[in-house]
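Read-outs throughout are calculated quantities, based only on the coordinates presented, and are distinct from any laboratory measurement. What you see is a predicted model; the values in this text were computed from it and never measured. Note that we place each Cβ from the backbone using ideal geometry, even for glycine, and neighbour counts take in every protein chain shown.
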């Protein structure tokens with residue numbers, strides 16, 4: 001009996017230790033950063049594909065200085081200032097700080113970010129694209145704007161375990177990316193965050209990517225992006241490309257509701273070849 | 001006691017039965033009006049895409065359809081005709097929380113349709129279409145709910 005209790009106690013301690021270990025932030029080392037000549041223009045493409053402004057928008061203005069409320073099922077976030085201000089923005093961040101935020105969801109101080117910041121998708125981005133994106137952000141006008149703290153910060157330590165699951169699953173998917181369209185959709189475009197159903201662990205379901213999902217607000221649904229041609233949503237890639245680039249200007253009335261309006265605005269700022277690549281990839285999904 | 005409860009239920013059912021068709025009518029009418037708006041802007045889009053030649057008469061008549069249908073729709077959003085009516089609608093509750101904002105968005109779209117109706121030269125067409133489409137988006141973004 002005593003022996004059994006001891007064994008049980010030992011198991012519990014080992015399990016807790018393992019959990020704490022697993023929940024610990026797991027940042028990437030400096031060695032992941034290759035020598036790279038940054039390309040600000042490509043950084044701007046990544047900024048628009050990534051839709052940073054949709055969430056980091058200010059109450060007034062068009063720089064990503066944050067502060068507008070972002071409602072999520074777990075509470076309201078006020079996404080922080082990502083302009084290059086040194087004290088309230090990311091002006092003093094190293095490249096590695098930025099890569100760890102975007103790919104591992106870890107802050108420079110070593111804290112976990114909530115996945116309301118879609119690093120689960122950005123983790124599929126190329127390091128060189130992220131370096132270009134940071135270089136682009138550094139060209140923006142620095143704005144002094146402190147961010148309002150999330151009111152459930154005590155939950156942060158627990159995010160580690162979830163991230164082990166959510167990010168582990170990611171790397172396997174990134175190897176399957178073959179073309180530019182797939183990369184833009186699944187990486188920077190983070191389309192899966194809304195268009196893919198989540199499992200009970202709130203992880204996007206790899207079995208049926210982009211097959212549609214309930215809307216995050218709990219009202220209505222986010223449509224499927226598969227079988228678009230067979231379902232007569234779009235006649236061909238050119239049709240879908242027009243919709244992504246022009247939305248309601250060309251009479252595509254289903255590109256505004258539920259947050260898609262901002263996404264479409266960001267898409268309209270991408271080079272035509274990139275939206276065309278996205279359209280071709282989506283039309284190919286069966 | 002039992003009787004009054006029963007009659008209360010009956011009264012409630014009766015009034016629900018009466019309220020339902022009224023709401024259904026108005027929802028149906030605004031959706032039909034919006035469909036007409038959608039059909040008309042697709043004609044303008046066909047010109048923009050080069051599938052149809054620029055023709056000031058077609059532009060004007062499409063723009064006038066948009067204007068008058070938007071005016072029809074704008075008077076078909078009485079309180080209680082949202083999702084609480086139990087009828088299929090994508091009208092967002094925000095319409096009644098921010099009636100002023102909704103009215104402003106409608107006004108902007110009607111003005112954009114009027115502007116489009118006044119276009120006679122090809123070079124003025126695309127800017128007018130940008131303004132018009134932008135006005136549809138400006139309202140739908142906030143006031144039209146995602147698909148059910």
* To do: Quickly rank A:81-93, B:73-85 as a protection proxy: mean count of other C-beta atoms within 10 Å, highest first.
  => A:81-93, B:73-85
* Nearest 10 degrees, 0 to 90: what angle lies between the long axis of helix A:127-139 and the longest principal axis of chain A (Cα atoms)? -> 70
* residue A:236/residue B:60 FRET efficiency (R0 30 Å; Cβ-Cβ; nearest 0.05) -> 0.45
* To do: Relative to the longest principal axis of the C-alpha atoms of chain B, give the angle of the C-alpha long axis of helix B:56-74, reported between 0 and 90° and rounded to the nearest 10°.
  => 20
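Using only DSSP helix segments of four residues or longer, with each worth -39500 (n - 2.57), what per-residue ellipticity at 222 nm results for chain A after dividing by its residue count and rounding to 500?
Numbers: 12 runs with 122 residues, N = 286.
Mean residue ellipticity, 222 nm, calculated: -12500 deg cm²/dmol.
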* To do: Calculate the length of the line joining the C-alpha centroid of region B:29-53 to that of region A:268-286, in whole Å.
  => 24
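Using a Förster distance of 25 angstrom, determine the FRET efficiency expected from the C-beta separation of residue A:144 and residue A:96, and round it to 0.05. Provide the component values of the computation, followed by the final result.
Numbers: r = 25 Å, r/R0 = 0.99.
Computed FRET efficiency for residue A:144 and residue A:96: 0.50.
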* Asked: With N residues in region A:171-286, what two-decimal value do you get for its Cα radius of gyration over 2.2 N^0.38 Å?
  -> 1.02
* Take the alpha carbon atoms of region A:125-168, find their center, do the same for region A:61-105, and report the distance between the two centers in whole angstrom. => 6
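Remind me, relative contact order of region A:171-286 in percent, using alpha carbon pairs under 8 angstrom and six or more residues apart?
Working: 146 pairs, mean separation 29.8, N = 116.
This gives 26 percent for region A:171-286.
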* To do: For chain B, state the average projected area of the convex hull of the C-alpha atoms over all orientations, rounded to one decimal in nm².
  => 10.2
* Crossing angle, helix A:2-23 versus chain A [Cα axis fit, 0-90 degrees, rounded to tens] -> 30
* Which percent of Cα pairs goes in each bin when the distances of chain A are cut into 10 angstrom slices starting at zero? -> 6, 26, 35, 22, 7, 3, 1, 0
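For region A:1-150, count all C-alpha to C-alpha pairs, find those more than 24 Å apart, and express that count as a whole percent of the total. Write out the running numbers ahead of the final one.
Working: 4387 of 11175 pairs.
In whole percent, the long-distance tail amounts to 39.
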* Structure fact -> In whole angstrom, the spacing between the Cα centers of region B:125-140 and region A:190-223 equals 30
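With a Förster radius of 56 Å, plug the Cβ-Cβ distance of residue B:100 and residue A:126 into 1/(1 + (r/R0)^6) and report the FRET value to the nearest 0.05.
Numbers: r = 46 Å, r/R0 = 0.83.
So, using R0 = 56 Å, E works out to roughly 0.75.
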* Please give the calculated 222 nm ellipticity per residue for chain B, where each DSSP H segment of at least 4 residues contributes -39500 (n - 2.57) and the sum is spread over every residue; nearest 500 deg cm²/dmol? => -26000 deg cm²/dmol
